[in-house]
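Have a look at the structure below, then the notes.
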Number of protein chains: 2
Amino acid sequence: MTEVKVSPLAPEAFGVVSTVAGVRLATAAAGIRYSGRDDVMLAELPSGSSVAGVFTRSLCTAAPVDWCKHALATTSGRGRAIIVNSGNANAFTGAAGYRAVQHTAESVGRALGAPAHEVLVASTGVIGEDLPTGRIDGALGGLVAGLAPADPSAWEAAAAAIGTTDTFPKGASAPVAGTSAHVAGIAKGSGMIAPDMATMLAFVFTDLAVDPQTARECLAASVERSFNRITVDSDTSTSDTVLLAATGTSGQPATLHLADLRAALDAVTLDLAHQIVRDGEGATKFVAVTVTGAADDAAAEAIARTVADSPLVKTALAASDANWGRIVAAVGKAGQRADRDRLSIWIGDEQCADGGLPRPGYSEQRATEHLLGDEIELWVDVGVGDGEAAVWTCDLTHGYIDINAGYRT
Amino acid sequence: MTEVKVSPLAPEAFGVVSTVAGVRLATAAAGIRYSGRDDVMLAELPSGSSVAGVFTRSLCTAAPVDWCKHALATTSGRGRAIIVNSGNANAFTGAAGYRAVQHTAESVGRALGAPAHEVLVASTGVIGEDLPTGRIDGALGGLVAGLAPADPSAWEAAAAAIGTTDTFPKGASAPVAGTSAHVAGIAKGSGMIAPDMATMLAFVFTDLAVDPQTARECLAASVERSFNRITVDSDTSTSDTVLLAATGTSGQPATLHLADLRAALDAVTLDLAHQIVRDGEGATKFVAVTVTGAADDAAAEAIARTVADSPLVKTALAASDANWGRIVAAVGKAGQRADRDRLSIWIGDEQCADGGLPRPGYSEQRATEHLLGDEIELWVDVGVGDGEAAVWTCDLTHGYIDINAGYRT
């Protein structure tokens, strides 16, 4: 097995993630699969907190995803706790898997004096193995005793506990302008599901008072522009989960600060999403693909995603090869309206193609210089309308193959 | 650049491809991009021959694709010649590219005494560079003088001339039962477009008498079950072209032998399609993905394609890792109806999963033994209906990265 090194695209250090009033965090080493590290995270929320969720579009969902959907529907978006384990995804585990997640929710609820339906659960790790619920039960006393305010050091410990193949913990926060409240969150993920220990999870919190309906709307819109705009390998997990919890502890209602809440939430989700890309398996370059001139924004997104998912584009980027013909091919296969004879392509600031032809005076050397860096910008204008979108990805390298070929043994 | 070695999945030798009466072939070295090899192929057809075409679904089509569509529409499916060059795709070349293909068709037509619209043209190679038509013109006299019956050695030379990154020439033939006629064809392709020198081209011929409408119907149906069921890297070329030419020289009408024509045509297109997969860039394993139990055949194909395109599945296969959790995840993301709790999965003859759970008694060792071979069969039953489909692919290895990262320089 390849030695795990921190991604070359990682931030220098875990940033200072702001305290969110009302949230208490704890982590513990339950020994579910890993040894020598924490693998369970508990977040406690005050009574009356709102919780909204966005889940994987996979049709083969893991049991905790089914549970969270059921729980949020039952409570109409209220929650008292979030418990997350790493090392076992509790996916492809049938009815026993659902009983396991229900058991965990009941245990946590009992320990905190909350109904089971107000306990959200997420699991990430191997697929097809029964979740050892006894180990989580065994860790629960220590977790509850260890609950402490969600301050910068607690966020970092929580982010580390939920990681699997992640090479660095991921956290971000932003103040809600005009209020004393903050939005803060943690995430994990280093491939869409790759290898099968990985999954995208994110837990975002605010001390603003947000009603469940508003929380759902804000979260859905924010996820659409962040976590749904990244792709490492085009693979989707059975367990992808994003939760937003609002404690209301700051006393300020979101209804008076909605635009500011949205801005802070978007900043946090986009930051976390970009950190996931920066931890993409084998990634050596962070790549922004921007498409303009599409029929509409959805068409632009589809084209940008096709470029970002193209193995040929991604291998060319890994080699700093200004092979824009592969971008043309990706645009062509996206199935969206594009005018071949009005297509323009930029690599960094260098325009390669203009009006469907190689641009006279195009400097491959200048394009290559941009590609030799580790922050890459590709821009394609498809010449038919006003739609635009950006998608973020990373390059495809030997490291990806190393990590994913024969990982388990 | 990596040294090019013949794919480990290549046939031992170019098979004996049957003569097709009426077809004459020639090849020449025009020096378009390569040196020391033939890079132009001319196929001459007798007057009155039918030609049908199926082309890339890319919206950024190359000029020769536009020309062929226009020519076949103009002649209602008649043709006298097919000329193919390798080394330059004449793609992303704007109006000049279209003039270049028209010029080539006119030159060939003049040399053979045929209207330009009865000359079909295909090009494969680099994108965004002007086609050096003078070099094709210069080779034309020799090509016409060298035309000879399409016998086994002529087929092999023709197959070699149209190749780019191919590591072996691809040909196949089958008799049309109950007649003296044959179906024979050649193809090139070693990635969907990967690297940008590659594209899927296939030219199939029969000496049965087939009217243009029947030729179109038979070809479309056959391509749907062969070339459209393979995937190397999910990338689509700007130039993909399949042509079927029927000379009628055998004197037997297709209308009396339609089922036999279809059977022979399907055998040839599937054989050629599988040869393309066997030349997949970096491929070390030939993989058949069969899906049953889907809502309908189209749903089954979509699920099979998602499994076949998953980088995680393909890297696991490269490592002979029986990581069926990745197959579950791929099924889940396909967006087609599947019953997670009735899902069954086989690797070779070994059933891994049954009814949405790991099968009791599943032997990972037996599954791994199958995966250590180079002919892999995956079978997934999704438990909701009668739809079924097969898709063929190869594994994803370091070789793919080697070939595609920085190929051009």
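The values are calculated or read from the model by the stated rules, or taken from the named source; none is laboratory data. Keep in mind that this is a model prediction, so the values were computed, not measured. Please note: Cβ atoms are built from the backbone with ideal geometry, for glycine as well, and neighbour counts cover all protein chains shown. Note: accessible area is taken over every heavy atom of the protein model, side chains too, but ligands, DNA and RNA are not part of it. Shrake-Rupley method; radii C 1.70, N 1.55, O 1.52, S 1.80 Å.
Which one of these does B:Glu44 not meet: (1) in contact with a Ser or Thr (Cβ under 9 Å, 6 or more places away or on another chain); (2) within 12 Å of B:Ala114 (Cβ to Cβ); (3) touching a residue at least 40 places away in the same chain (Cβ under 8 Å)?
Failed condition: (1).
Kindly evaluate A:Glu388 against the criterion of being in a strand (DSSP E or B), touching a helix residue (DSSP H, G or I) at 6+ places or on another chain (Cβ under 6 Å), modelled with pLDDT of 95 or more and open to solvent by 60 Å² or more (accessible area, probe 1.4 Å).
yes
From the set of residues in segment B:116-142 that are over 20 Å from B:Leu45 (Cβ atoms) and either within 14 Å of chain A (Cβ to nearest Cβ) or open to solvent by less than 20 Å² (accessible area, probe 1.4 Å) (or both), which is nearest to the chain's Cα centre (by Cα)?
Filtering segment B:116-142 for residues over 20 Å from B:Leu45 (Cβ atoms) gives B:124-135, B:137-138.
After this cut, where a residue has to be either within 14 Å of chain A (Cβ to nearest Cβ) or open to solvent by less than 20 Å² (accessible area, probe 1.4 Å) (or both) as well, the list is B:124-131.
Details: B:Thr124: 13, B:Gly125: 15, B:Val126: 18, B:Ile127: 19, B:Gly128: 23, B:Glu129: 24, B:Asp130: 25, B:Leu131: 23 Å.
Checked segment B:116-142; the qualifying residue nearest to the chain's Cα centre (by Cα) is B:Thr124.
Condition test on B:Ser58, is it open to solvent by less than 10 Å² (accessible area, probe 1.4 Å), within 14 Å of chain A (Cβ to nearest Cβ) and either under 25 Å from B:Ala220 (Cβ atoms) or in a strand (DSSP E or B) (or both)?
When the stated conditions are applied, B:Ser58 passes them.
State whether the residues of segment B:26-40 include one that is under 19 Å from the mean Cα position of the chain (by Cα) and modelled with pLDDT of 95 or more.
Among the residues of segment B:26-40, at least one is under 19 Å from the mean Cα position of the chain (by Cα) and modelled with pLDDT of 95 or more, which makes the answer yes.
Can A:Gly113 be described as in contact (Cβ under 8 Å) with a residue 12 or more places away in the chain, over 25 Å from the mean Cα position of the chain (by Cα) and open to solvent by 20 Å² or more (accessible area, probe 1.4 Å)?
Criteria not met by A:Gly113.
Tell me which of these A:Leu357 doesn't satisfy, since it passes every other one: (1) open to solvent by 40 Å² or more (accessible area, probe 1.4 Å); (2) of a type in the set (A, V, I, L, M, F, W, C); (3) more than 8 Å from every other protein chain (Cβ to nearest Cβ).
Against the list (1) open to solvent by 40 Å² or more (accessible area, probe 1.4 Å); (2) of a type in the set (A, V, I, L, M, F, W, C); (3) more than 8 Å from every other protein chain (Cβ to nearest Cβ), A:Leu357 comes up short only on (3).
Has segment B:176-192 got any residue that is in contact with a Phe, Trp or Tyr (Cβ under 7 Å, 6 or more places away or on another chain), part of a loop (DSSP other than H, G, I, E, B) and at pLDDT 95 or above?
Checked segment B:176-192: no residue is in contact with a Phe, Trp or Tyr (Cβ under 7 Å, 6 or more places away or on another chain), part of a loop (DSSP other than H, G, I, E, B) and at pLDDT 95 or above.
When you go through (1) assigned to a loop (DSSP other than H, G, I, E, B); (2) crowded, with 17+ Cβ neighbours inside 10 Å; (3) under 27 Å from the mean Cα position of the chain (by Cα) one by one for B:Gly335, which number turns out not to apply?
Result: B:Gly335 passes all but (2).
Considering only residues that are assigned to a loop (DSSP other than H, G, I, E, B) and at negative phi, which ones fall in segment B:78-124?
Result: B:Gly79, B:Arg80, B:Ala89, B:Ala91, B:Thr93, B:Ala114, B:Pro115.
Among the residues that make up segment B:361-376, is at least one of them among the hydroxyl-bearing types (Ser, Thr, Tyr), at positive phi and either more than 14 Å from every other protein chain (Cβ to nearest Cβ) or open to solvent by less than 20 Å² (accessible area, probe 1.4 Å) (or both)? Step through it out loud before you land on a result.
Of all residues in segment B:361-376, those among the hydroxyl-bearing types (Ser, Thr, Tyr) come to B:362-363, B:368.
So of that shortlist, the ones also at positive phi come out as none.
No, the conditions are met nowhere in segment B:361-376.
Going by the conditions given, is A:Val51 modelled with pLDDT of 95 or more, under 19 Å from the mean Cα position of the chain (by Cα), assigned to a loop (DSSP other than H, G, I, E, B) and within 30 Å of A:Gly251 (Cα to Cα)?
So A:Val51 does not fit the description; no.
Do any helices (runs of 4 or more DSSP H) lying entirely in segment A:236-331 carry at least 3 residues that are crowded, with 24+ Cβ neighbours inside 10 Å and either within 14 Å of chain B (Cβ to nearest Cβ) or without any contact (Cβ under 8 Å) to a residue 12 or more places away in the chain (or both), and which ones are they? First the steps, then the outcome.
On the way: elements: A:258-278, A:297-309, A:311-318.
Output list reads A:297-309, A:311-318.
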